[in-house]
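Participant: Please read through the structure below; I'll follow up with questions.
We did not get these values from a lab; they are worked out from the coordinates using the rules stated. Small disclaimer: the values here were computed from a predicted structure and weren't measured. Here the Cβ positions follow ideal geometry from the backbone for every residue, glycine too, while neighbour counts run over all protein chains shown.
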Amino acid sequence: MATLQLNNVVKSFEDTQVIQGVDLEVKDQEFVVFVGPSGCGKSTLLRMIAGLESTTSGDIVIENQRVNDLGPAERGLAMVFQSYALYPHMTVEDNMGFSLKLAGENKEARREKVLEAARILQLEPLLDRKPKALSGGQRQRVAIGRAIVRNPSIFLFDEPLSNLDAALRVQMRIELARLHEELKATMIYVTHDQIEAMTMADKIVVLQGGVVEQVGSPMELYHHPRNRFVAGFIGSPKMNFLPVSAESAAADGVTIRLPGGDTTRVPVQGTGCQPGEALTLGVRPEHLVLDETGPLQGRIQVIERLGGQTSLYVEMDDELITLMVDGDVTHRVGDEVRFTFEPRRGHLFTGDDMALESLERHPLASLTRLDHRAASDAEA
Amino acid sequence: MNKTRASGRTVGGLRTLSLQAPAVTLLLLWMLIPLAMTVWFSFQRYNLLMPGMKGFAGTENYEYLLTDPALWSAMGTTLLLVGWVLAITVVGGTLLAVLFQQDFFGRGVARVLAISPFFVMPTVSALVWKNMMMHPANGVLAWMAESVGLPAMDWFSSLPLTSIIIIVSWQWLPFALLILLTAIQSLDDDQVEAARMDGAGPIAIFFNITLPHLKRAISVVIMIEMIFLLTVFAEIFVTTSGGPGLATTNLAYLIYIRALLDFDVGTASAGGVIAIILANIVAIFLVRMVAKNLED
């Protein structure tokens, strides 16, 4: 399969720069997810890799070859579109075999490859149908099949699951992950859904406004977000942010004063941080725990019971704080609650929204699915 | 579903005949009476110059017409005219639609200009072509030929039917362009991009993606144009008057000659009935083709 490198890639439309100098390295067999809010440039970046969009400056390198000037077909990539983009007048078989037909392969060779792809995707019974006679999930699979048939060096997916209903999306997510194992292919996947990103990626690229905010494994982004945007974007429900001030700061931790007046010591690298400086404390809803002696308190505004878990929306100093707590709590709307968090679960952000580095790296932060595969390959 | 509803007589307990009656009556008056009169006249001996000779003629009008070489010549001319104009407008319209779909400076103005011939009435456009384009002495085409050293040509006497085909095509090309351009705009960009990823060049995209997408619109263009092209009259009347000889006399013009130049209403009516039959034969093929395309 293949590797991909982006070196300072820029895309401008007239005078607006939509991709502002992206550097990225994608390893062989890696599943990379581009994630970000709409308009962040993730689809544009994917289309530039595909060759559907020209590159204003910078290099796109596939397997040590600069491909900037190659057309989309010559780059040896395959793309699955959000709308599937199946050819409506062709049968499933012709759809999947179209690229081979254009490449001048004969009918038998074509049929063999299409059947092979159809087997992987369980599409055999549908080969003679036209796209309009297929369900959304089946169309999605045909679009993937069309990509597989080309035997591309890299698969590109442009929000492939966003047109499916929730149940089907979960199913296709699992199917895609399975496909990635089976084909041992390099895949680049664009989505705005951070759950898709977290569940499938070896490596997540968080984009905002055409700039890469952070690149890392899902657990790295979750436990060590580099800045406030990544911290807020990854994780659901969203991370809570509280204004705090630094009491004392040192290389082995920062003592902060919480809104209630209590102090706590967060184990982050505090060099360069001044006592008295205004900071933002970030704590994920699932890391806030109810505690009658806790330093934080507020009044419950809304309760969402999901069964296993309950979300409490607590008003504190005119801000709504989210707590994910056990499903069996008996609180009611209007109750005053006190809560706390483990200091090591706290993230501190400076005035320019950059995170202070944790002193201890989370043990899972470097874990990727590639490591799992390497381990299982070694056993075998 | 209850039985009466299936038969269409009552819906929701309402008898629908009285509601349909105005529309049905209007249609009957509008279509059946002229048709019946045409059929009736076609079996009459009815010449405006000989008022006293009226009477039942049997199949005499038909025999006269069917043995008249002018009829077969007119039918051939009609089919040639329809066929060529359809070919030119559909092929040209498709290519122009692809062209005008591209992004270029002044596209909006170019589109309006390309479509504008359709707004010129047939008589006027025929006159413009006759006196300003194809005129052997002061026509643009003659001037162009002379400026490269070729002899000027008298279009309407050397290539009469070709001239008519050119004029009618010029008028109908914008119509085809208009319909096909709107159809091509509904082509999904993703499909074209998917084809590019699959390795299709511009020509492969045209034949494998664009043309199949336009199939339905093309069949609509063919159907609508055919209806109007079978009855082309003004262009012929203004330019060649069906001549030289019968070179540009189509069925509609032949009926006009019989009815209003020869004053033979009976034979003209018989010609009308034959035209209806011809139109129906064409329509059967056409409706099948269009219906099949619309089903897909």
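Participant: Separation of region A:136-186 and region B:168-223 by C-alpha centroid, Å?
Facilitator: 30 Å
Participant: Packing-wise, with mean Cβ within 10 Å as the measure, how do B:284-290, B:59-65 rank, highest first?
Facilitator: On the way: B:284-290: 12.7, B:59-65: 17.0.
Final packing ranking: B:59-65, B:284-290.
Participant: What FRET efficiency would be calculated for the residue pair A:SER366, B:VAL109, taking the C-beta separation as r and a Förster radius of 35 Å, to the nearest 0.05?
Facilitator: Working: r = 61 Å, r/R0 = 1.74.
Computed FRET efficiency for A:SER366 and B:VAL109: 0.05.
Participant: Give me the distance between the Cα centres of region A:19-87 and region A:251-321, rounded to whole Å.
Facilitator: The distance from the Cα centre of region A:19-87 to that of region A:251-321 comes to 40 Å.
Participant: In addition: Given R₀ = 30 Å, FRET efficiency for A:THR16-A:THR199 by Cβ-Cβ distance, to 0.05?
Facilitator: 0.35
Participant: Now a separate question. Which one of A:GLY253, A:GLY97, A:GLY351 has the biggest mean-square fluctuation once chain A is modelled by GNM with Cα springs under 10 Å?
Facilitator: A:GLY351
Participant: Based on alpha-carbon centroids, what's the gap between region B:80-128 and region B:27-78 in Å, whole number please?
Facilitator: 37 Å
Participant: Taking chain A as the reference, fit the longest principal axis to its C-alpha atoms, fit the long axis of helix A:92-102 to the helix C-alpha atoms, and give the angle between the two in degrees, 0 to 90, nearest 10.
Facilitator: Taking the Cα atoms of chain A, the angle to A:92-102 is about 70 degrees.
Participant: Separate question: Using a Gaussian network for chain B with springs between C-alpha atoms less than 10 Å apart, which of these wobbles most: B:ALA21, B:ALA194, B:ALA97?
Facilitator: Among B:ALA21, B:ALA194, B:ALA97, the largest mean-square fluctuation in the Gaussian network model of chain B belongs to B:ALA21.
Participant: Within region A:12-67, list the GluC sites (Glu not before Pro) lying in a DSSP loop whose Cβ has at most 12 other Cβ atoms in a 10 Å radius.
Facilitator: Those satisfying the criteria are A:GLU14.
Participant: Quick check of the Kirkwood formula: for chain A, what is the inverse mean of 1/r over all pairs of different Cα atoms, in Å? Write down the numbers at each step before the final one.
Facilitator: On the way: mean 1/r = 0.0431 Å⁻¹.
Taking the inverse mean of 1/r over all distinct Cα pairs, chain A comes out at 23.2 Å.
Participant: Let me ask something else about it. Please identify, among B:ALA252, B:ALA234, B:ALA200, the residue showing maximal mean-square fluctuation in a Gaussian network model of chain B using a 10 angstrom Cα cutoff.
Facilitator: The residue with the greatest mean-square fluctuation here is B:ALA200.
Participant: Sticking with this one: In region B:267-285, whose amide N lies under 12 Å from the spot 7 Å out along Cα-to-Cβ of B:LEU66? List them in ranges.
Facilitator: The answer is B:274, whose backbone nitrogens lie closer than 12 Å to the label point.
Participant: Let me have the 222 nm mean residue ellipticity of chain A computed from DSSP H runs of 4+ only, each contributing -39500 (n - 2.57), with the sum over all residues rounded to the nearest 500.
Facilitator: Here the helix-only value at 222 nm equals -7500 deg cm²/dmol.
Participant: Once the dipole of chain B is set up with Lys and Arg at +1 and Asp and Glu at -1 on Cβ about the Cα centre, which of B:SER163, B:THR78, B:THR239 lies farthest towards its positive end?
Facilitator: After comparing all options, I get B:THR78.
Participant: Here is a further query. Among B:PHE285, A:VAL22, A:GLY104, pick out the residue whose Cα is farthest towards the positive end of the charge dipole of the protein assembly as shown, where Lys and Arg carry +1 and Asp and Glu carry -1 on C-beta, about the Cα centre.
Facilitator: B:PHE285
Participant: Under 24 Å Cα to Cα from B:LYS215, which lysines show up? Leave out anything in the same chain fewer than 8 places away.
Facilitator: Filter leaves A:LYS101, A:LYS130, A:LYS132, B:LYS292.
Participant: Extension gain B:LEU99-B:GLN20, at 0.36 nm per residue separation less the Cα-Cα distance, in nm?
Facilitator: 23.8 nm
Participant: Kindly provide the helix-only [θ] at 222 nm of chain B, computed as the sum of -39,500 (n - 2.57) over DSSP H runs of four or more divided by all residues, to the nearest 500 deg cm²/dmol? Display every interim value, and only then the final one.
Facilitator: Numbers: 16 runs with 195 residues, N = 296.
Computed mean residue ellipticity for chain B: -20500 deg cm²/dmol.
Participant: If exposed means no more than 11 neighbouring beta carbons inside 10 Å and the site is in a DSSP loop, what's the longest run of chain A without any exposed trypsin sites (Lys or Arg not before Pro)?
Facilitator: Longest run free of exposed loop sites: A:1-183.
Participant: How big is the dipole moment of region A:4-229 about its Cα centre under a simple scheme where the beta carbon of each Lys and Arg is +1, that of each Asp and Glu is -1, and everything else is neutral? Debye, nearest 20, please.
Facilitator: Its charge dipole is roughly 560 debye.
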